[in-house]
Amino acid sequence: MSMPETTRLHGLPEWAALAKHREEFGDTHLRRLFADDPGRAERYSVTCGDLYLDYSKHLVTDETLALLRALARARDVAGLRDSMFRGEKINVTERRAVLHVALRASYDAVIEVDGENVVPKVHAVLDKMARFADAVRSGAWTGATGRRIRNVVNIGIGGSDLGPAMAYEALRPYTARELTFRFVSNVDGADLHEAVRDLDPAETLFIVASKTFTTIETVTNATSARSWLLAGLGAGETAVAKHFVALSTNAAEVAKFGIDTENMFEFWDWVGGRYSYDSAIGLSLMIAIGPERFREMLAGFRLVDDHFRTAPPEANAPLLLGLLGIWYDNFFDAQSHAVLPYSHYLSKFTAYLQQLDMESNGKSVDRQGEPVEWQTGPIVWGTPGTNGQHAYYQLLHQGTKLVPADLIGFARPNAELAPEPAAQHDLLMANLFAQGQALAFGKTAEEVRAEGVPAEQVPHRTFHGNRPTTTILAPELNPSVLGQLVALYEHKVFVQGAIWDIDSFDQWGVELGKVLAKRVEPALTEGAEVPGLDSSTTALVARYRSLRGR
Ligand code: F6P
């Protein structure tokens, strides 16, 4: 059913008011906004759990923020949020509840799906995971030959890989250093090969992570891993039970693969893949950091869930981040958003956010199936500072594109760092603060000239500035803070999807490529005729086959 134009996003008076405000805003410079308001930094900052967010370096005034909040009210973002927390089926195209928030709900919470409280099930699985994680960590769980497990290989892709891999990296100082963890995702056999080539199968546990348990990459890698294991052990199928466990919603497929469903850790269709690493999908992480730390991480998620539910709009961090993104995406034509963590431990954080954000909000029809007439999700990208500074920051500072960015940093270096690396932390953070400053305020031609720079070089060495950033500062990167950061972005993505009126919880866009790959594969292997194949792909397949000597 299509909606009348006046109730669609771009027909709302709140949208028109923002468009008008954008015209009036023109190229107002942050230099002026800061000069006019000495209290700007204090007023434009918000605290959410351990996270301090400074959003003063954004191209906004009180009026901008009020208009953005009015848009959120008109789109009933709070209503949709409450529906999500109540377990209503807000994933309309798949008719599913969206309840990653139930994964970190406290024992006594009641969240119902189809009349059933799901919280006890969540905690039962967490307890089962904890027993298993403890058994692996203590050596009580042994491989088929009786040797203890020293290597854990997670096989999964997308949400069944990126979350645990990112969090393992982020929390490395908290991990059991005597265990080796590897993450295999790519159907390129090189990934599995490199992950296991130096491992002893007798000491290796494979965790096959797949919500559906039908994902071709994961099933293929798991099958190859099973062959590697059995060949290495010289053992029969019975060995699989001690070396393979599954994380899935699909017990039938897990059993079909040959994994004992006793060794399956369950989750449910109301957990989206990209929202799942705090479910059973986090088993490898729990083995790495231990159940207690894992629960601290869940508590961090919960803290931000509570904040998102209860903080007033002016002080609601995910709402603010979402609205700032809308401002640039829809009214400044910004195409992308950079996430730049000043922490080497967060080296996989942006890759994780790419799936969270782009698979959620990369949509071009609204919830009613009508084409959207407004821009939706941004291209999310970035790598840890300071590396990016010596690569692409040139474009951020002096390029023609507006790229809003998040700068994420921590006050304390990780306690495990020895004195010298720890001392480098001030330098790291000085870089973060300097980048935010340079991006916002730049350097005027007068300032450049005053330094005695030759006239012909002045334009090249001038920085216009006015490039917006949010600085997110936390005391340290620990399990709780990681949970807080992830929940912050989850809810930011939610806010934007609600405003754009899109289903942020389906991912039909990944289907076509999967179907076509299955159709094309026999052409590569057997030279089979693929009906209706275009001339470009036909020629590429022919060349490929000839290069392979087929
Ligand atoms: O890329 C599509 C997708 O369905 C993701 O949403 C998901 O995280 C990934 O594939 C893996 O799916 P599964 O966990 O079912 O193997």
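Since every read-out is calculated from the coordinates, none of them should be taken as a lab result. Model, not experiment: these values are computed from the prediction. Virtual Cβ from ideal backbone geometry, glycine too; neighbours counted across all protein chains shown.
What angle do you read, to the nearest 10 degrees and between 0 and 90, between the alpha-carbon axis of helix 535-547 and the longest principal axis of the chain?
Approximately 50 degrees, to the nearest 10.
Hey, got a sec? Which GluC sites (Glu not before Pro) in the stretch 296-375 land in a DSSP loop and have at most 15 other Cβ atoms within 10 Å?
Answer by residue number: Glu373.
Mind sorting Ser227, Ser83, Ser284 by how few other Cβ atoms lie within 10 Å of their own Cβ, fewest first?
Placing the least packed residue first, the sequence is Ser227, Ser83, Ser284.
If the cut-off is 13 Å between C-alpha atoms, which aspartates and glutamates fall inside it for Lys20, apart from same-chain ones fewer than 8 positions away?
Answer for Lys20, where 13 Å is the Cα cut-off: Glu63, listed by chain and number.
Of the GluC sites (Glu not before Pro) in the stretch 104-201, which ones lie in a loop per DSSP and count no more than 11 other C-beta atoms within 10 Å?
Counting only loop positions with at most 11 other Cβ atoms within 10 Å, the GluC sites (Glu not before Pro) in the stretch 104-201 are Glu178.
Which FRET efficiency value, to the nearest 0.05, do you get for Ala190 and Ala418 by plugging their Cβ-Cβ distance into 1/(1 + (r/R0)^6) with R0 = 30 Å?
Using R0 = 30 Å, I get an efficiency of 0.30.
Sum up the charges of everything whose Cβ sits under 11 Å from the Cβ of Val219, counting Lys and Arg as +1 and Asp and Glu as -1, but leave Val219 out.
Result for the neighbourhood of Val219: 0.
What does the net charge come to around Ala165 if you take all other residues with beta carbon closer than 15 Å to its beta carbon, with K and R at +1 and D and E at -1?
That works out to -2.
Using only alpha carbon pairs under 8 Å that are at least six residues apart, calculate the relative contact order of the chain and give it in whole percent.
Contact order relative to length: 19 percent.
Could you compute how fast the stretch 509-548 diffuses translationally, taking Rh as the Kirkwood radius over C-alpha pairs and applying Stokes-Einstein at 10 °C with viscosity 1.306 mPa s? Give it in µm² per second.
The estimated diffusion coefficient comes to 151 µm²/s.
With angles folded into 0 to 90 degrees, how steeply does helix 291-310 sit against the dominant principal axis of the chain? Use alpha carbons for both and round to 10.
Computed tilt is about 40 degrees.
So what's the net charge close to Asp37: Lys and Arg +1, Asp and Glu -1, counting the other residues with Cβ under 15 Å from its Cβ?
Local charge sum for Asp37: 0.
For the stretch 164-222, what is the Kirkwood estimate of the hydrodynamic radius, computed as the reciprocal of the mean inverse distance between distinct Cα atoms, to one decimal in Å?
12.9 Å
Equivalent-ellipsoid semi-axes (√(5λ), Cα gyration tensor) for the chain, whole Å, largest first?
Those come to 41, 28, 27 Å.
Compute the acute angle (0 to 90°) between the alpha-carbon long axis of helix 479-500 and the principal axis of greatest extent of the alpha-carbon atoms of the chain; round to the nearest 10°.
So the helix axis and the longest Cα principal axis differ by about 70 degrees.
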